[in-house]
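Asker: This is the structure I have questions about; it appears just below.
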Amino acid sequence: MKIRKAVLTDARGIAQVHVDSWRTTYSGIVPDEYLEKLSYESREKMWKSGIPNGHVFVAENEQGEIVGFSCGGKERSENYENFQGELYAIYIFQEYQRQGLGKKLVTPVVQQLLDKGINTMLVLVLEENKSCLFYEALGARKLDVVEVEIGGKNLKEAVYGWDNLKARFHTIV
């Protein structure tokens, strides 16, 4: 697997991972109608505008196909004053999960935060999502639970945080 910074031409591949991952990860959690309405075209447009403005990283398989992505930056909500960074998203095609790729995709996000002098990071994840265990295995602690509405359904989102990225990720960055 190759991890690299995303370029504009990656938008379509990222959109495919984004949509397909939502459909597999959130099936039974997010309303089916919402998942069915997700489109590659709208997500591609979103990523075309997001890639130049953010820190987006992709994972490529041996054939050069995008099979996962991550992105992060400054914490967006301003509700957690002790946390300056945020892992905005990390999605991987289902067949590539549980192979160490998630940790590899978190690494460049952590590194770019550390390069900016940011040593703390949050991630928000739906509580029913099994990836909560992934973040806990990476040393995040649960800080809060907030409500979010997706597709007309109220869901609970867990807020996880790392309060010392250098100490936690010293072996991978």
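Asker: Tell me whether the stretch 91-173 comes out rounded, prolate or oblate; compute the Cα gyration tensor, take square roots of the eigenvalues as a ≥ b ≥ c, and use a/c under 1.5 as the rounded threshold.
Answerer: Oblate, since a/c reaches 1.5 and b/c is not below a/b.
Asker: Using a simple spin-label model with points 7 Å from Cα along the Cα→Cβ vector, what separation in nm is obtained for Q63 and L133?
Answerer: 2.9
Asker: Here's something else I'd like to know. How big is the dipole moment of the chain about its Cα centre under a simple scheme where the beta carbon of each Lys and Arg is +1, that of each Asp and Glu is -1, and everything else is neutral? Debye, nearest 20, please.
Answerer: 560
Asker: Which of the lysines could a cross-linker span from K142 if the Cα-Cα distance has to be under 29 Å and same-chain partners fewer than 8 positions apart are dropped?
Answerer: K5, K74, K103, K104, K116, K130, K153, K156, K166
Asker: Now for a separate question. Based on the Kirkwood radius over alpha-carbon pairs, what is the Stokes-Einstein translational diffusion coefficient of the chain at 20 °C with 1.002 mPa s viscosity, in µm²/s?
Answerer: Diffusion coefficient, whole number: 130 µm²/s.
Asker: Something else now. Suppose R0 equals 25 Å. What FRET efficiency, 1/(1 + (r/R0)^6) with r the Cβ-Cβ distance, do E78 and H170 give to the nearest 0.05?
Answerer: The formula returns an efficiency of 0.35 here.
Asker: Relative to the present Cα-Cα distance, how much length would full extension add between T9 and I150 at 0.36 nm per residue of separation?
Answerer: Fully extending the segment from T9 to I150 adds 47.9 nm.
Asker: Sticking with this structure for a sec: At a 1.4 Å probe, what is the % contribution of carbon and sulfur to the accessible area of the chain?
Answerer: That fraction is 48 percent.
Asker: Could you compute the net charge surrounding F69? Neighbours are other residues with a C-beta less than 15 Å from the C-beta of F69; K and R count +1, D and E count -1.
Answerer: Residues close to F69 contribute a combined charge of +3.
Asker: Computed over the Cα atoms, what is the radius of gyration of the stretch 21-63 divided by 2.2 N^0.38 Å, N being its residue count?
Answerer: My calculation over the Cα atoms of the stretch 21-63 gives 1.44.
Asker: Place the peptides 47-54, 35-42, 145-152 in order of packing, highest mean first, counting for every residue the other Cβ atoms within 10 Å and averaging per peptide.
Answerer: Going from most to least packed, we get 47-54, 35-42, 145-152.
Asker: Can I ask one more? Using θ = phi - 60° and the Karplus form 6.51 cos²θ - 1.76 cosθ + 1.60, what ³J(HN,Hα) does each residue of the stretch 46-62 get, whole Hz, x for Gly and Pro?
Answerer: Those phi angles translate into 4, 6, 4, 7, x, 4, x, 9, x, 9, 10, 10, 10, 10, 10, 7, 4 Hz.
Asker: At q = 0.13, 0.21, 0.24, 0.29 Å⁻¹, what is the log10 ratio I(q)/I(0) for the stretch 43-102, with the Debye formula run over Cα points and no solvent?
Answerer: Listed by q, the Debye log ratios stand at -0.43, -0.91, -1.04, -1.19.
Asker: Under 5 Å between amide H atoms, partner at least 5 residues away or on a different chain: which partners does A89 have, H built in plane at 1.01 Å?
Answerer: C71
Asker: Still on this structure: Which value does Rg/Rh take for the stretch 26-126 over its C-alpha atoms, Rh per Kirkwood?
Answerer: That ratio is 0.98, to two decimals.
Asker: Same structure again: Provide the net charge surrounding V58, with neighbours chosen by a C-beta distance below 12 Å and charges set as Lys +1, Arg +1, Asp -1, Glu -1.
Answerer: Local charge sum for V58: +2.
The values are calculated or read from the model by the stated rules, or taken from the named source; none is laboratory data. Small disclaimer: the values here were computed from a predicted structure and weren't measured. Glycine also receives a Cβ, built like all others from the backbone with ideal geometry; neighbour counts cover every protein chain displayed. Calculation scope for accessible area: heavy atoms of the full protein, side chains included, ligands and nucleic acids excluded. Shrake-Rupley method; radii C 1.70, N 1.55, O 1.52, S 1.80 Å.
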